[in-house]
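*Asks:* Take this structure, written in structure tokens, and hold onto it; I'll ask about it next.
The values are calculated or read from the model by the stated rules, or taken from the named source; none is laboratory data. Note that the structure is a prediction, hence the values are computed from the model and not measured. Backbone-built Cβ (ideal geometry, glycine too); neighbour counts: all protein chains shown. Note: accessible area is taken over every heavy atom of the protein model, side chains too, but ligands, DNA and RNA are not part of it. Shrake-Rupley method; radii C 1.70, N 1.55, O 1.52, S 1.80 Å.
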Amino acid sequence: MLHSFAERQEKQYRTRFLISGAKRFYTIQVGDIAYFYSLDKVTFAVTKDGKAHVIDLPLSKLEEQLDGRVFFRVNRLAFDSKRPCV
């Protein structure tokens, strides 16, 4: 019974990120992110308006938390959104 319940549960993916700004914290919705990339061991989320935000997670951890139907791994240094950036 417990096994069948677990099978019916759909995995919950991250819907937003908490970002540490210069003077305050703010959130970014995953739907507003165009892609992620890593440079010198720092991970960035780039929003559709072109702004880069530091994410305190390596890409390997992001891969576990992002919906594979929305984002895909381009290479070992980047994830891209399958949604058009309009």
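*Asks:* Just to confirm my filter: which strands (runs of 3 or more DSSP E) fall fully inside segment 1-68 and include at least 1 residues that are acidic (Asp, Glu), modelled with pLDDT under 90 and closer than 19 Å to residue 82 by Cβ? It would help to see each step written out before you state the result.
*Replies:* Details: elements: 16-20, 25-29, 33-39, 42-47, 52-55.
So the answer is none; nothing clears 1.
*Asks:* Further question on the same structure: Can you tell me which residue is most open to solvent (accessible area, probe 1.4 Å) among those in segment 69-82 that are out of contact with any helix residue (DSSP H, G or I) (no Cβ under 8 Å at 6 or more places or on another chain) and not in a strand (DSSP E or B)?
*Replies:* This residue is 69.
*Asks:* Select from segment 32-68 the residues that are of a type in the set (D, E, K, R) and at positive phi and write down the one among them that is least open to solvent (accessible area, probe 1.4 Å).
*Replies:* Initially, segment 32-68 is screened for residues of a type in the set (D, E, K, R), giving 32, 40-41, 48-49, 51, 56, 61, 63-64, 67.
Okay, now just the ones that are also at positive phi, so 40-41.
Numbers: 40: 133, 41: 198 Å².
Among those residues, the one meeting the criterion is 40.
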